[in-house]
Each structure stands twice: as structure tokens, then as C-alpha cells.
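K.L.:
Got a structure for you, written out below as C-alpha cells; questions coming shortly.
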């Protein structure tokens, strides 16, 4: 029973998914705070927030209303996504992949890419086709 549980836990997809959910939820709050404290004030240097607090370029609509393209929220989402993805990869996915590679090396599993025969290049194949066509034409 313990061995089956261990195999289940050590599957890459289960660990990657669990780690991504947990770290993503925890780290998102930190990234949002950093973006709100640093990035949004930098944007506010160039754009004045409107009455609802949205920051970004303001345009006049066709009916005379003011339309704001809120850059702060967009930048927050983009930076949050990349920061969380980077942390999940560096802290969990990369070490897990290294650990699996070391475990496979200890078990004596060979790299399948090293065992595959080298395939001919496109130019070599074209030369072989040309030679076959010449032989067929000479026989006819």
C-alpha cells in the first residue's frame, strides 16, 4: 500500500499540478502586492486615475463619454502569471525533473535518444532518390 501511494505521488503530473495550485495561490498575493505597490504608481506617473480608480490612457468615445483603458490591471495579471510560473518551475518542476533523471540513471535506464539510429538528412535522401531514378531510366 505504501509503495503504491509512493508511485502515485511521484508521478510528474500529480506533483506538478498540486504544486502549481498551492504555490500559485500563495504566491499570487505577494506578486499582486508588489505590482500594486511598484508598477501601478509608475503607471500613475504618466496617467491620472479616473473617478473609479482606473489608470491608463483616456479617450473620448463617440457619444462624448470618457473611456479608460486600465493598464494597471493588465500589467498586474501579466506580471503575476509570469512570476508564479517562474517560481513554480524553479522551485518544484526543475528539481523534480533532476531528481527523476538521477533516479533513472541509478536504475540503469538508458537514454532512448542515444540508442536511436541516425536518420539521413534531406539532402542524402534526395541523392538516393536521384540515383534510383537514374538506375530505373537506364534499365528502360
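Please treat every number below as a calculation from the coordinates, not as lab data. What you see is a predicted model, and the numbers here were worked out from it, not measured in a lab. For neighbour counting, all protein chains shown are included, and Cβ atoms are generated from backbone atoms with ideal geometry for every residue, glycine included.
K.L.:
Looking only at 130, 98, 106, which one moves most when the chain is put into a Gaussian network model with springs between Cα atoms under 10 Å?
P.N.:
Maximum fluctuation in the GNM of the chain, among the listed residues, is at 130.
K.L.:
Among rounded, prolate and oblate, which fits the chain when a ≥ b ≥ c are the square roots of the eigenvalues of its C-alpha gyration tensor, a/c under 1.5 means rounded, and a/b larger than b/c means prolate? Display every interim value, and only then the final one.
P.N.:
Working: a/c = 4.36, a/b = 1.57, b/c = 2.78.
It comes out oblate by the Cα gyration axes.
K.L.:
Calculate how steeply helix 71-88 sits against the longest principal axis of the alpha-carbon atoms of the chain, using the helix alpha-carbon long axis, and give the answer as 0 to 90 degrees to the nearest 10.
P.N.:
Helix 71-88 sits at roughly 40 degrees to that axis.
K.L.:
If we count other beta carbons within 10 Å of each Cβ, what is the order of 21, 31, fewest first?
P.N.:
Working: 21 11, 31 19.
The fewest-first ordering by Cβ neighbours comes to 21, 31.
K.L.:
Roughly how tilted is helix 122-139, in degrees to the nearest 10 and between 0 and 90, from the longest Cα axis of the chain?
P.N.:
That works out to roughly 40 degrees.
K.L.:
Under a plain spin-label model, where a point goes 7 Å from the Cα along Cα-to-Cβ, how far apart in nm are residue 82 and residue 102?
P.N.:
3.1
K.L.:
GNM on the chain, C-alpha springs below 10 Å: top fluctuator among 81, 46, 92?
P.N.:
Checking each option, the largest mean-square fluctuation is seen for 46.
K.L.:
A follow-up question, please. If I model a spin label as a point 7 Å beyond the Cα along the Cα-Cβ vector, how far apart are those points for residue 59 and residue 118 in nm?
P.N.:
5.7
K.L.:
Calculate, for residue 93 and residue 138, the FRET efficiency according to 1/(1 + (r/R0)^6) with r their C-beta to C-beta distance and R0 41 Å; round to the nearest 0.05. Spell out each step's value before the answer.
P.N.:
Numbers: r = 58 Å, r/R0 = 1.43.
Once the sixth-power term is evaluated, E becomes 0.10.
K.L.:
Do the sum for the chain: with -39,500 (n - 2.57) for every DSSP H run of n ≥ 4, divided by all residues, what is the mean residue ellipticity at 222 nm, to the nearest 500 deg cm²/dmol? Present the calculation step by step, with values, prior to reporting the outcome.
P.N.:
Details: 7 runs with 92 residues, N = 140.
-21000 deg cm²/dmol, from helical runs alone.
K.L.:
Select from 34, 45, 62 the residue whose mean-square fluctuation is largest in a Gaussian network model of the chain (Cα-Cα springs shorter than 10 Å).
P.N.:
Per the Cα network of the chain with a 10 Å cutoff, 62 tops the list.
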